[in-house]
C-alpha cells in the first residue's frame, strides 16, 4: 500500500518584519473604514456545513453533529484586489509590490511571480472554532472562479491531482497590539506533526508561506467574555463606528452588538501571488495547454473510490452534493491536528483558556 499523502509546503515559512510602511498601513485602514461594512468570512464562502468541514481538517469530535452556527465567529473579510486587479487606486503600490514579488520568487526559487489577490480580515476579540484549515488550493483549469473551496481542498488532500497544482505563495501579515492571544499556529510538517507558532503582539510582522499546502489557524484573542458577542449571526457586519473617531462596531440588522476600540483591533492582510518556475511553465498555464475539467476530476475521484472499495452514489450536483461531499471527506480525511501549542489550545479547549 502506498504511504499516505502528507500535506506540507514547498519550503519552511519565512518570517518577515516591516512588511508595509506606516503610510501604507494607514492607507489600507482608510479604505477599510471608508468602504465598509464587511461581511463575516464564513458567510462569504460556504453553502453547507459539509463544505466547511471538507475545507478544514475534515473531521469533528466523535458524537458531535456539526451546524454552521457552531462555526460563526466575529472575523470579517474584505478585498483590496482580486483576479490580479487592484480595486483601489491608492493601494496600487501595495498590491503591485516588487518587494513581495521578490520574496515569493525566492521562496519558490522561481523566475516569475504575478500578484493575484489581496484580502484582509478585521476583528476584535474572537474565539476560534477552526481546528486548522488550508487556504483555497488551485489547479490548472480548477480555480476559485469556477470551483468551490471545499472541492479544491479535497483534491489537495487526496494527492491525486498534484500534477496540475498551481504554484502559489502568500505573504500574510498582522497588525495587532493586543496581549491576549492573537498569534498564528501552523503545521509545516503535516497536521499530525508538531506545530509552530508566531506569538502576538505582532505589529507589521508577516510570513511567506504556501498556505494552501500547510494547515494553519489564527489563534483566539481578546478577553474571553467578549469573544462571541451576543447576537452574532451570519448576517452580522463590521464597520467604522461613526461615534468614535478610530473605533469599530458590529451590527446584526439594525442592532449594534459590539463596539471595538482601535487598541483591540486585529488586522490580518493576506497578499497572494501566482508563481511560475520558468517561461515554459508560465506559457503552459496561461495558455491553458493542460487544464483539468470538472468531468475529469469527478472521473478520477470515482475511479479512486472504486479502487479503494468505497461505496458511493453518483452525485446529482457534483459541486454541491452533500452526500458525495461526505463520502469524499470521509475517504480523504487527514484528521484534525493532534498537537496544539500549550499557549494556543485546540477549539474544544480554548474556551477555558485565558
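Could you list, in sequence order, all residues of region 206-241 that are assigned to a strand (DSSP E or B) and either modelled with pLDDT under 95 or under 20 Å from the mean Cα position of the chain (by Cα) (or both)?
206, 207, 208, 209, 215, 216, 217, 218, 221, 237, 238
How many residues are over 14 Å from residue 172 (Cβ atoms) and either without any contact (Cβ under 8 Å) to a residue 40 or more places away in the chain or under 14 Å from the mean Cα position of the chain (by Cα) (or both) if we restrict to region 123-135? Residues flagged as over 14 Å from residue 172 (Cβ atoms) and either without any contact (Cβ under 8 Å) to a residue 40 or more places away in the chain or under 14 Å from the mean Cα position of the chain (by Cα) (or both) within region 123-135 amount to 5. Kindly list, by first and then second residue, each pair from a residue in region 7-33 that is modelled with pLDDT of 95 or more to a residue that is surrounded by fewer than 16 Cβ atoms within 10 Å (Cβ to Cβ) and not in a helix (DSSP H, G or I), limited to pairs with Cβ atoms under 6 Å and residues at least 6 apart or on different chains. Nothing qualifies. Across region 189-198, the qualifying residues are those that are in a loop (DSSP other than H, G, I, E, B) and at pLDDT 95 or above, and the one among them that is surrounded by the most Cβ atoms within 10 Å (Cβ to Cβ) is 195.
Listed here are the residues, each with its yes/no results for (1) at pLDDT below 95; (2) crowded, with 18+ Cβ neighbours inside 10 Å; (3) closer than 28 Å to residue 188 by Cβ.
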{"residue": "274", "(1), (2), (3)": "no, yes, yes"}
{"residue": "281", "(1), (2), (3)": "no, no, yes"}
{"residue": "307", "(1), (2), (3)": "no, no, no"}
{"residue": "321", "(1), (2), (3)": "yes, no, no"}
{"residue": "332", "(1), (2), (3)": "yes, yes, yes"}
{"residue": "338", "(1), (2), (3)": "yes, no, yes"}
{"residue": "352", "(1), (2), (3)": "yes, no, yes"}
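Would it be correct to say that residue 136 is more than 26 Å from residue 333 (Cβ to Cβ) and either crowded, with 23+ Cβ neighbours inside 10 Å or touching a helix residue (DSSP H, G or I) at 6+ places or on another chain (Cβ under 7 Å) (or both)? Steps first, answer last, please.
On the way: more than 26 Å from residue 333 (Cβ to Cβ): no; either crowded, with 23+ Cβ neighbours inside 10 Å or touching a helix residue (DSSP H, G or I) at 6+ places or on another chain (Cβ under 7 Å) (or both): yes.
No: the conditions fail for residue 136.
Only one of the numbered conditions (1) within 30 Å of residue 101 (Cα to Cα); (2) surrounded by fewer than 17 Cβ atoms within 10 Å (Cβ to Cβ) is not met by residue 216, and that is (2). In a residue-by-residue description of region 152-164, the property of being buried (at least 19 other Cβ atoms within 10 Å of the Cβ), touching a strand residue (DSSP E or B) at 6+ places or on another chain (Cβ under 8 Å), modelled with pLDDT of 95 or more and closer than 30 Å to residue 22 by Cβ applies to no position. Answer yes or no as to whether residue 88 is touching a helix residue (DSSP H, G or I) at 6+ places or on another chain (Cβ under 6 Å) and either at pLDDT 95 or above or closer than 30 Å to residue 280 by Cβ (or both). Considered against the rule, which asks whether it is touching a helix residue (DSSP H, G or I) at 6+ places or on another chain (Cβ under 6 Å) and either at pLDDT 95 or above or closer than 30 Å to residue 280 by Cβ (or both), residue 88 comes out as yes. Scanning region 137-151 for residues that are within 13 Å of the chain's Cα centre (by Cα) and part of a helix (DSSP H, G or I) returns 149, 150.
The values are calculated or read from the model by the stated rules, or taken from the named source; none is laboratory data. Nothing here was measured: the structure is a model prediction, and the numbers come from that model. Here Cβ is always computed from backbone atoms with ideal geometry, including for glycine, and neighbour counts include all displayed protein chains.
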